[in-house]
Amino acid sequence: MSDQPSYLPPPEGVLEIAAPEQFAALSHPLRQRLLFALSHRPATTSCLAAQLDAKKGNVAHHLKVLREAGLVHIAETRQVRGGTEQYYQRTARHMVVAEPQAAGTAAILAAVAQELDRSPAENLTLRHLRLSPAKARELGETLAKLVDEAEENAEGEPLHGVLVALYQHAPPTTTNSA
């Protein structure tokens, strides 16, 4: 316990989202927004409620769900006016869906859609590329590295969201018609 919060970023590790309770936790847009808000430093329920323009009780409930799913933890506590303030933090800096499932993908895309809706500027592009498996792997690694290296950590600058999804287009199913 300390007087001042340390504001350390989440651990550098990668958390693979695979458990049903994790997918369930990701299914609510406010929980997605909470994870986005906690991407750089710990925050209290009150701070998150103000930042996200949400009710404190609502934020507390959704933080509890995220905590039970292992997506956030209490990073620090401090005494304030006779009470204890809890600072929540993501359990990992990067979270990846181990084996994408329709429910988890839909939850993530719904949260991103809400963020885009609230954003003053957006840049959304969908492209289809013909790539060998090796070239696709190389592109995925390059995109991940580019995003990781783009972080400036400049306090006070606008926060930008980045969604990187490289997937193989499913071949069309053939149907025989008479």
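Using +1 on the beta carbon of Lys and Arg, -1 on that of Asp and Glu, and nothing else charged, what's the dipole of region 63-178 about the Cα centre, debye to 20?
Numbers: 12 positive and 15 negative charges, 77 e Å.
Using only the charged Cβ atoms, the result is roughly 360 debye.
Among the DSSP beta bridges whose two residues both lie in the chain, what percent are antiparallel, rounded to the nearest 5? It would help to have the intermediate numbers written out before the result.
Numbers: 9 of 13 bridges.
Bridges in the chain that DSSP calls antiparallel: roughly 70 percent.
Which is farthest toward the positive dipole end of the chain among Phe23, Pro42, Tyr87, measuring Cα position about the Cα centre, with Cβ charges +1 (Lys, Arg) and -1 (Asp, Glu)?
Phe23
Going by average Cβ neighbours within 10 Å, how do the peptides 46-56, 27-37 rank, with the highest at the top?
Numbers: 46-56: 14.3, 27-37: 19.6.
Ranked from most to least packed, the peptides come out as 27-37, 46-56.
Report, by chain and number, residues whose modeled amide H sits under 5 Å from the one on Val72, excluding near sequence neighbours (fewer than 5 apart, same chain).
Here the answer is Arg67, Thr91, since their amide H atoms fall under 5 Å of that of Val72.
Run the accessible area of the chain with a 1.4 Å probe and give the carbon-and-sulfur part as a rounded percent.
C and S atoms contribute 52 percent here.
Let me check against my output: what whole-number percent is the relative contact order of the chain, with C-alpha pairs under 8 Å and at least 6 apart? Numbers along the way, then the final one.
Values: 181 pairs, mean separation 46.9, N = 178.
Here the relative contact order equals 26 percent.
Please identify the GluC sites (Glu not before Pro) of region 129-178 that satisfy two criteria: DSSP loop assignment and at most 14 other Cβ atoms within 10 Å. Which are they? Write down the numbers at each step before the final one.
Numbers: sites: Glu138, Glu141, Glu149, Glu151, Glu152, Glu155; in loops: Glu151, Glu152, Glu155.
Those that pass, being in a loop and sparsely packed, are Glu151, Glu152, Glu155.
What accessible area per residue comes out for the chain, rounded to a whole number of Å², with a 1.4 Å probe?
71 Å²
With Cα extents along the principal axes in Å in mind, check (1) 76, 37, 31; (2) 55, 32, 29; (3) 53, 43, 40 and report the label derived from this structure.
So the structure-derived entry is (1).
Could you tell me how far the Cα centroid of region 31-45 sits from the Cα centroid of region 126-171, in Å?
22 Å
May I ask for the Kirkwood hydrodynamic radius of region 80-178, worked out over all distinct Cα pairs and given in angstroms to one decimal? Let's see the in-between values first.
Values: mean 1/r = 0.0564 Å⁻¹.
One decimal place: 17.7 Å for the Kirkwood radius.
Given points 7 Å out from each Cα along the Cα-Cβ axis, report the Glu68 to Gln101 separation in nanometres with one decimal.
Output for this residue pair reads 1.7 nm.
The values are calculated or read from the model by the stated rules, or taken from the named source; none is laboratory data. Computed from a prediction, not measured in an experiment: that's the story for all the values here. Glycine also receives a Cβ, built like all others from the backbone with ideal geometry; neighbour counts cover every protein chain displayed. For accessibility, only protein heavy atoms count, side chains too; no ligands or nucleic acids. Shrake-Rupley method; radii C 1.70, N 1.55, O 1.52, S 1.80 Å.
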